[in-house]
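*Asks:* This structure is in structure tokens; I'll ask about it shortly.
The values are calculated or read from the model by the stated rules, or taken from the named source; none is laboratory data. Here the structure is a predicted model, which means the values were calculated and not measured. Methodologically, a virtual Cβ is constructed for each residue, glycine included, from the backbone with ideal geometry; neighbour enumeration extends over all protein chains shown. Keep in mind that these areas ignore ligands, DNA and RNA; they rest on the heavy atoms of the full protein, side chains included. Shrake-Rupley method; radii C 1.70, N 1.55, O 1.52, S 1.80 Å.
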Amino acid sequence: MYMALKHSHIGFVYLSFILFLVRFGLANYKPALNGNKALNIATHGINALLLATAGALCVTLSQYPFEAAWVTAKLLGLIAYVVLGVIAIKKVNVKAFVLAIVVFVYLFGVAKAQSALSWVGMLIA
């Protein structure tokens with residue numbers, strides 16, 4: 001069960017990130033397409049499944065935000081990523097887009113290292 005949850009979660013992470021890149025590209029080059037109802041439904045559906053698998057993984061691993069530092073870092077990083085992503089897409093803000101990607105890379109490292117130190121944690125371990 002754990003492996004199925006983990007792989008599903010990782011798949012939704014990739015799909016969510018790809019949709020973020022596509023939506024930012026559309027916001028820049030074809031803004032009318034960015035409001036496409038099917039695209040919005042797909043984005044929200046994938047993000048909902050991403051959060052559901054994340055919650056299920058927390059329960060499966062018995063590691064919860066504010067108890068496990070790395071899970072807390074992922075939660076706070078996710079909030080920053082969402083805020084930056086909304087700003088990037090709605091205001092077509094390149095700086096917010098780049099910062100959102102930086103936060104995504106940090107979150108990816110947190111997940112790999114299971115440490116709030118992210119990639120640095122893997123280097124010093």
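*Asks:* In what sequence, largest accessible area first, do Val98, Val110 appear using a 1.4 Å probe?
*Replies:* Details: Val98 75, Val110 0 Å².
Heavy-atom accessible area, descending, gives Val98, Val110.
*Asks:* For a label point 7 angstrom out from the Cα of Ala80 toward its Cβ, which stretches of region 103-118 have the backbone nitrogen within less than 15 Å?
*Replies:* From region 103-118, the list is 103-111, 115-118.
*Asks:* Report in % the part of the accessible area of region 9-52 that belongs to carbon and sulfur, leaving out ligands and nucleic acids; probe 1.4 Å. List each step's numbers first, then the result.
*Replies:* On the way: 1980 of 2640 Å².
For region 9-52, the apolar C and S fraction of the accessible surface comes to 75 percent.
*Asks:* To continue, here is another question. Normalised by the residues of the chain, what does the relative contact order come to in percent, with Cα pairs under 8 Å and at least six apart?
*Replies:* Working: 105 pairs, mean separation 27.9, N = 125.
Result for the chain is 22 percent.
*Asks:* Relative to the longest principal axis of the chain, what angle (0 to 90°, nearest 10) does the C-alpha long axis of helix 94-113 take?
*Replies:* Its long axis makes an angle of about 20 degrees.
*Asks:* Another one. Output the relative contact order of region 1-70, whole-number percent, from Cα pairs under 8 angstrom with separation of 6+ residues. Provide the component values of the computation, followed by the final result.
*Replies:* On the way: 29 pairs, mean separation 33.8, N = 70.
Once normalised by length, the contact order is 48 percent.
*Asks:* Roughly what would the spin-label model give for Thr60 and Tyr2, points 7 Å off Cα along C-beta, in nm?
*Replies:* It is 0.9 nm.
*Asks:* Just the accessible area per residue of the chain, please: how many Å² with a 1.4 Å probe? Present the calculation step by step, with values, prior to reporting the outcome.
*Replies:* Details: 7650 Å² over 125 residues.
Ligands and nucleic acids excluded, the result is 61 Å² per residue.
*Asks:* Rg and Dmax in Å for region 62-125, alpha carbons only: what are they?
*Replies:* 12.8, 40
*Asks:* Work out, step by step, the length gained on full extension between Ala69 and Val92: first 0.36 nm times the residue separation, then minus their alpha carbon distance; give nm to one decimal. Before the final figure, lay out the partial values.
*Replies:* Numbers: separation 23, 0.36 × 23 = 8.28 nm, distance 3.29 nm.
Difference between extended and current length: 5.0 nm.
*Asks:* Another one. List the lysines whose alpha-carbon lies under 25 Å from that of Lys6, not counting same-chain residues fewer than 8 positions away?
*Replies:* Lys74, Lys112
*Asks:* Could I ask something else about it? To the nearest 10 degrees, how steep is helix 69-91 against the longest Cα principal axis of the chain, on a 0 to 90 scale?
*Replies:* Computed tilt is about 0 degrees.
*Asks:* Share of Cα-Cα pairs in the chain beyond 22 Å, in percent?
*Replies:* Details: 2970 of 7750 pairs.
For the chain, the fraction of Cα-Cα distances above 22 Å is 38 percent.
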